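These notes concern the structure reproduced below.
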């Protein structure tokens, strides 16, 4: 489907679509207008190298509610490639694979609420952010990246906000749950447990980090900072937050 107008997709199944061979292609839906998706399933959609979004490629306004994206694959994101405005609510992303992000690649403005991400990744994290990202009331479990950020990686200079989320048993070389390579990271009322990375079992950051009213426990690292690994010599700002029981070291601050 190619949309440059206003479309609503409801109670539908979009499955086993493939495309490739030209830039900006996608497997399921290409949106450059206004698209609302509710109560729908996206299954085994895909596109190839140098293309966007296995399930949906969005350059306009996209709202997704009570929908599922599973086993998508793409050169960029197996689930959704967003370059416009994206809101995801009450949805599930499972088993998606992409070279930039397994589930969602964001280069625009994205808000994710009350959603589940599990078993996504491959060469990349569950969610890769290059724009503006807020995640609330969501669970990230068992996502795997061969590089950075098992659940989420941030490359944006703007603040990335995480509220009331759970990060459980995610795995990456750097930042088992979250890796922030640039801008500030704000985490509120969230839990990190059983995540694993070589550097930063739960959180790895190269920008300012504030964690408030959260628990970071039971995470592991092969090297340093099983709970939190900070680059740049500035200690994280921890407010009513427990960082305990992580092995081998709860918090490691790398000097400048």
Residue that is surrounded by the most Cβ atoms within 10 Å (Cβ to Cβ), among those in segment 120-141 that are under 12 Å from the mean Cα position of the chain (by Cα) and closer than 17 Å to residue 72 by Cα: 125
Qualifying positions in segment 70-81 - over 12 Å from the mean Cα position of the chain (by Cα) and not in a loop (DSSP other than H, G, I, E, B): 70, 73, 74
Positions within segment 101-125 being within 19 Å of residue 204 (Cβ to Cβ), at pLDDT 90 or above and part of a loop (DSSP other than H, G, I, E, B), in sequence order: 102, 120, 125
Check on residue 99, in contact (Cβ under 8 Å) with a residue 12 or more places away in the chain and either more than 25 Å from residue 220 (Cβ to Cβ) or touching a helix residue (DSSP H, G or I) at 6+ places or on another chain (Cβ under 7 Å) (or both): yes
Residues of segment 142-183 that turn out to be surrounded by 24 or more Cβ atoms within 10 Å (Cβ to Cβ) and either part of a loop (DSSP other than H, G, I, E, B) or in contact with a helix residue (DSSP H, G or I) (Cβ under 6 Å, 6 or more places away or on another chain) (or both), as a count: 9
Hey, residue 47 under 24 Å from residue 132 (Cα atoms), in contact with a strand residue (DSSP E or B) (Cβ under 9 Å, 6 or more places away or on another chain), buried (at least 18 other Cβ atoms within 10 Å of the Cβ) and in contact (Cβ under 8 Å) with a residue 24 or more places away in the chain or not: no
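The values are calculated or read from the model by the stated rules, or taken from the named source; none is laboratory data. Just so it is clear, the structure is predicted and the values come from calculations on it, not from any experiment. Every residue, glycine as well, gets a Cβ built from its backbone with ideal geometry; the counts of neighbours run over all protein chains shown.
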